Every structure is written in structure tokens, then in C-alpha cells.
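Q: Provided herewith is a single structure, encoded as C-alpha cells, for subsequent inquiry.
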Amino acid sequence: MTTATASTAGATRAAAPETLRNYIGGRWVEAAGAQLLDVPNPATEEILARVPLSTADHVAQAARAAREAFREWSEVPVPERVKVLFSFREAFLDNRESLIRGVTTENGKIESDAAGEYRRALEVIEFAIGMPTLMAGYNVESVSRGIDTMLERYPLGVTAAITPFNFPLMVPLWTLPIAIAAGNAFILKPSERTPLSATALARLLEEAGLPPGVFNLVHGAADAVQAICAEPEIDAVSFVGSARVAKIVYEACGRAGKRVQALGGAKNHIVVMPDAVVKPSVEGLSESAFGNAGQRCLAGSVLTVVGSAAETVLPRVIERAESMRLGFGLDEGVEMGPVIRPDSRERIHTFVQQGLDQGARMLRDGRSKVPDKGYFVGPTLIEIEPDSVLAREELFGPVLSVLRADTIDHAIRLVTDTNEYGNASSIFTSSGRAAREFRRRNPAGMIGINVGVAAPVAFFPFSGHRNSFFGDLHVTGRDGVEFFTRKKTTTTRWF
Ligand code: NAD
């Protein structure tokens, strides 16, 4: 049975909600005239802060400060730039506990998930510290008689990141350390639903001695995003969020002549073969579907059970869903947190109802048996047909839609044909052939083999495709370094 727990983590509650400030040119400034939005803890509904919805003027202020800072920062030798990142890493380590608790409090994910997010964020900082070698160019001596050619990488200029609510610490750090280590100035526009981790990051960068204006924080929502896309002083934009907004940002940046990488939504398939090792497969796919309350862009949301896996694996996943304890993620024993807002919960309920109206069969209903306070949806499993709305739409909640297939070929067809996304996809099997076919024919950019959440480490690119990604160069890894640098070749002849 799912059990609802009341929150006991009162120690984390602020007395009166603070109004957040932007951080521009090394100063904490009020976003004058901006509309304010409440930021609740989604598990307890307590108001944590008020976030300003900055306007185009605030974005322009940040862009000017960033441009000015870029002139000097891009002249600082790269070994000195990464020394600031060493200090930032120290500050990040020293503040580990509060950063993790902060993520749980503003986002709702449980403490162990927040700790995983923290670890992945740290990885990118550590990757970017390698910038003196990552930025290295190459050369060919004697491309012709007496002529040499060399390639160098230069920083781009002013770059901006627009980030989603679901990884408030990690997603800003997918780009920030790489961009600044490469010599760029940076503007962060975090999600207005989780602005507090970004504020904590700005404080740590300040403490680390990053020169004023190299990092700027502008709170806000759609208006600030439109201003970023149109702002002539901003050279490149990294966006992470839903496919709908990713496409808007990609097109707007294209029109404005900016470099852009726009990571969109997902509808990730998991396939379980009859030869899968049952226990770790159940654990791995349940974690994928219900971890972070299904609010991961790598969350498994369609499960295809092949042949007898319907009898060996599926009932245990249902049992696992039944046993999950819901509540505030800092409370003892809680295994799943809420979704981010009441409208997310309503959206999930609406899609589930549409699926049922189309003939889907409920296997485990998570719409009731949830805590009274907070925006909870319990783990839900529902058997569908391939043409169901639940096979196509991203729900972004703890709902696992189940399909049946007879063979690996049938399962792969379901993966490729039922929706337009291509972020991640996992298979649980003991067969090398099935795994190989799955990997090769799958349109997703991140494949898991007996791994439910196939998130690559920071030195690989986060490589979604189709409607999960608009652009060429992905975030992190060598792609990240390429994105934040401009290449130049010099061809030399001496007389
Ligand atoms: P979202 O698209 O609602 O918001 C993302 C950002 O865009 C926020 O900063 C928000 O302020 C801004 N925004 C929202 N509406 C806008 C509009 N109309 N015009 C301009 N800007 C707007 O996404 P979200 O709900 O915060 O995050 C969840 C989504 O992000 C899911 O779809 C998830 O799959 C996706 N996501 C993708 C990845 C990936 O790597 N592909 C990673 C994390 C999250």
C-alpha cells in the first residue's frame, strides 16, 4: 500500500518568504517593476520565496554586464580561469548538504535523488577543470611546401542558459562551468518554479572569486526567455525544457543568428525481454519510471513486456509501485516525492483519463491514496494499445504505460513508431543479440542496456534526437567544448 507521510522537516522552513534578486555585474539587484511569483515547496505547499519575473530591460542589463566582463575574462589565461573553478568546486563540496536539501525542498525529489543530482553536477565542474587540454587545437605542419596550418579555439562571447525545473542544480551546471572555463561570460535564466538552487550557485561563484559580470543570474519566465533569444549582445543560447518551448527557442535564436542547442522533452521506452534477470530489472525499471516522480527527461514512461516477461516482471513492478512511500523527500523512509505544481498533477490525471476513455486498462491507480498536502500523484501503471495518447504524449509524472510484444523485432517497432521523441531507451535482457539490435535500430540518442536511467557521465554528450533535441552540438563532453568555442585556422608561410 502506498502510505502518505506528514512532513517533519520543519527545520528547513524559512520564517518569511524572501523576494529573490537578480545577480548582475557582481551585484544582487532587485528586478524593479517585475511581477512576483510564489515558489512553494511542492511536498508541503509552504511558500519558500517569491521570484521576480524579469523583463527585457533586466535581460539587457545582464547582457551589457556580461559583454563588459567578457572583454577581460576572455584575456585571462585558461589555467587561471580554471583556478576559479577549483575554488568553486571547493565551495560546492563544502556546501553539499545544503545544496541537496535545497533541491529536495524546492523541487520535491527525495534526498537520495537530490544527492544523485548533486553528484552529476559536480562531475561537470570537474570535467570543465580540464579546459586547458580540452580547448587545445591542432596543427598540420607542411600542408603544402613551406606552409603550415593550425587550428585554435576561442571563446564565443556572451552565452545564456535557460533551464527547467526538474534538475535545478545539475542542468545549470551542464553548461555553466564549461562556458566560463572556455572564457565566455554567462547568463543563467533558471526555471521560475525552482529558482533557489540557482541563487545558491550564484553565491558560491561569488565566494569563489569569479570576476563580476562573468556569471549573471536573471530570474523570470517566458518574457525573459524571449528577450534572451532576441538580445543582440547574447551570442549563444543553451535551452533545456519541454519540446514545445525548445522549438520556439531554437527558431527564435536561429532568426537572431545565434548559436543554439535546445534540449526538449521525451517519451522513453523500456523493453523487458523474457530472459531478463528479474530482480535487478524490476528495480532498474521501477526506479526509471517512478524515481524523481517520473520527472526526468530520461524517465522510462512506456514499458514493453516481451512474451513471458508479462508474467515474470510486470506483476513485480506493480507490487513495487504499491509499496512506495510518498511524502516530503527529507522525511525518513520516503521513496517518492510530489510533482512540481497542481497543474502538472491535473495534466497527468487528464491524460490518464483520456487513456482510459480510449480503452486502456488500469493496472495500478496512483490517483488516490496520496498525502493530503502537496502535489502528489502515486505510481501508476496502465496497459495501453500502441495508438493510445499515453504512448505518444510526455506526461512527466510517475505513470508507466505498458505494451505487450511477441518478439524483439516487434518491441523495436513499437519503440520507433509510437512517438516522435528520441531521448533515451533501455532494454533489460541477457541476450547480446537482442541488446545489439535494440541499440542499433533505436532512434534514441542515449541507450541503456540493463540500465534504467542511461544518463551519460559528463565527459560524454547528453545526446537526444528527434523532438528531444534541436541543434547540432549537445551539452557536456567534447560537444560542450565545441559549443562554447569558436574555431579559427591560421595558414602560415614565411619568406
Ligand atoms: P518548460 O519548457 O516549461 O520550461 C523550461 C524553461 O523555459 C523555463 O526556464 C521556463 O521559464 C521557460 N519557458 C516556459 N514556457 C515558455 C514559453 N512559452 N516561452 C519561452 N520560455 C518558456 O520545461 P519544464 O516544465 O521546466 O521542464 C520539464 C521539461 O523539460 C520536460 O519536457 C522534460 O522532458 C524536459 N527536459 C529535457 C531534458 C533533456 O535533456 N532533453 C532535461 C531536463 C528536462
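The values are calculated or read from the model by the stated rules, or taken from the named source; none is laboratory data. What you see is a predicted model, and the numbers here were worked out from it, not measured in a lab. Quick reminder, even Gly has a Cβ in these numbers, built from the backbone with ideal geometry, and neighbours come from all protein chains shown. Areas reflect the complete protein model, heavy atoms only, side chains present, ligands, DNA and RNA absent. Shrake-Rupley method; radii C 1.70, N 1.55, O 1.52, S 1.80 Å.
Q: Hey, Arg244 hits all of (1) within 13 Å of the ligand (Cβ to nearest atom); (2) crowded, with 18+ Cβ neighbours inside 10 Å but one; which does it fall short on?
A: Result: Arg244 fails condition (2) only.
Q: Confirm whether Gly130 is more than 16 Å from the ligand (Cβ to nearest atom), touching a residue at least 60 places away in the same chain (Cβ under 8 Å) and out of contact with any helix residue (DSSP H, G or I) (no Cβ under 6 Å at 6 or more places or on another chain).
A: no
Q: Let me ask something else about it. Tell me, yes or no, whether segment 85-107 has at least one residue that is of a type in the set (Lys, Arg) and either outside the structural domain of Ile47 (by TED's automatic domain parsing) or over 30 Å from Pro17 (Cα atoms) (or both).
A: no
Q: While we're looking at this one, here's another question. Going by the conditions given, is Gly265 within 30 Å of Cys229 (Cα to Cα) and in contact with a Cys (Cβ under 8 Å, 6 or more places away or on another chain)?
A: So Gly265 passes the test.
Q: Scan segment 311-332 for residues that are open to solvent by 10 Å² or more (accessible area, probe 1.4 Å) and either within 16 Å of the ligand (Cβ to nearest atom) or of a type in the set (Gly, Ala, Ser) (or both) and report the count.
A: Number satisfying all stated conditions: 1.
Q: Hey, another quick one. So which helices (runs of 4 or more DSSP H) are wholly in segment 169-241 and hold at least 2 residues that are within 11 Å of the ligand (Cβ to nearest atom) and open to solvent by less than 10 Å² (accessible area, probe 1.4 Å)?
A: 170-181, 222-230
Q: Residues Arg101, Arg96, Arg145, Arg119: which one is in contact (Cβ under 8 Å) with a residue 40 or more places away in the chain and either open to solvent by less than 30 Å² (accessible area, probe 1.4 Å) or basic (Lys, Arg) (or both)?
A: Among Arg101, Arg96, Arg145, Arg119, only Arg101 is in contact (Cβ under 8 Å) with a residue 40 or more places away in the chain and either open to solvent by less than 30 Å² (accessible area, probe 1.4 Å) or basic (Lys, Arg) (or both).
Q: Out of the residues in segment 148-168 that are within 21 Å of Ala236 (Cβ to Cβ) and within 15 Å of the ligand (Cβ to nearest atom), state the one that is surrounded by the most Cβ atoms within 10 Å (Cβ to Cβ).
A: Ala160
Q: Residues of segment 442-495 being modelled with pLDDT of 95 or more, of a type in the set (S, T, N, Q) and under 13 Å from Leu263 (Cα atoms), which ones?
A: Asn467, Ser468, Thr476 - these are the residues of segment 442-495 that are modelled with pLDDT of 95 or more, of a type in the set (S, T, N, Q) and under 13 Å from Leu263 (Cα atoms).
Q: Here's another thing I want to ask about it. Of the residues that sit in segment 439-458 and are of a type outside the set (Gly, Ala, Ser) and within 16 Å of the chain's Cα centre (by Cα), which one is surrounded by the most Cβ atoms within 10 Å (Cβ to Cβ)?
A: Met446
Q: Here's something else I'd like to know. What about Ala60, is it surrounded by 15 or more Cβ atoms within 10 Å (Cβ to Cβ), within 30 Å of Leu326 (Cβ to Cβ) and either at pLDDT 95 or above or not polar (S, T, N, Q) (or both)?
A: No; evaluated as a whole, the condition is false for this residue.
Q: If you go through segment 341-364 one residue at a time, do you hit one that is modelled with pLDDT under 95 and more than 23 Å from Glu106 (Cα to Cα)? Steps first, please.
A: First, pick out the residues of segment 341-364 that are modelled with pLDDT under 95: none.
Within segment 341-364 (the criterion being modelled with pLDDT under 95 and more than 23 Å from Glu106 (Cα to Cα)), the answer is no, since none of the residues qualifies.
Q: Listed residues Arg367, Arg404, Arg347; which is within 25 Å of Arg244 (Cα to Cα) and either among the basic types (Lys, Arg) or not assigned by TED's automatic domain parsing to the domain that holds Ser301 (or both)?
A: Arg347
Q: Quick test for you: out of Val305, Val240, Val249, pick the one residue that is closer than 24 Å to Gly432 by Cβ and modelled with pLDDT of 95 or more.
A: Unique residue meeting the criteria: Val305.
Q: Which of the strands (runs of 3 or more DSSP E) contained wholly in segment 401-495 include at least 1 residues that are within 15 Å of the ligand (Cβ to nearest atom)?
A: Values: elements: 424-428, 446-449, 485-493.
Because the criterion is at least 1 residues that are within 15 Å of the ligand (Cβ to nearest atom), the strands (runs of 3 or more DSSP E) in segment 401-495 that meet it are 424-428, 446-449.
Q: Would you tally the residues in segment 342-390 being assigned to a helix (DSSP H, G or I) and either in contact with a Phe, Trp or Tyr (Cβ under 8 Å, 6 or more places away or on another chain) or open to solvent by 60 Å² or more (accessible area, probe 1.4 Å) (or both)?
A: Residues flagged as assigned to a helix (DSSP H, G or I) and either in contact with a Phe, Trp or Tyr (Cβ under 8 Å, 6 or more places away or on another chain) or open to solvent by 60 Å² or more (accessible area, probe 1.4 Å) (or both) within segment 342-390 amount to 13.
Q: Give segment 249-258 a look and list any residue that's over 20 Å from Trp174 (Cβ atoms), open to solvent by 40 Å² or more (accessible area, probe 1.4 Å) and outside any loop (DSSP other than H, G, I, E, B), or say none.
A: Answer for segment 249-258, where residues must be over 20 Å from Trp174 (Cβ atoms), open to solvent by 40 Å² or more (accessible area, probe 1.4 Å) and outside any loop (DSSP other than H, G, I, E, B): Glu251, Gly254, Arg255.
Q: Right, here's the next one. Kindly list, by first and then second residue, each pair from a residue in segment 450-472 that is basic (Lys, Arg) to a residue that is away from the ligand (no atom under 13 Å from the Cβ) and open to solvent by less than 70 Å² (accessible area, probe 1.4 Å), limited to pairs with Cβ atoms under 9 Å and residues at least 6 apart or on different chains.
A: The qualifying pairs are Arg466/Pro443.
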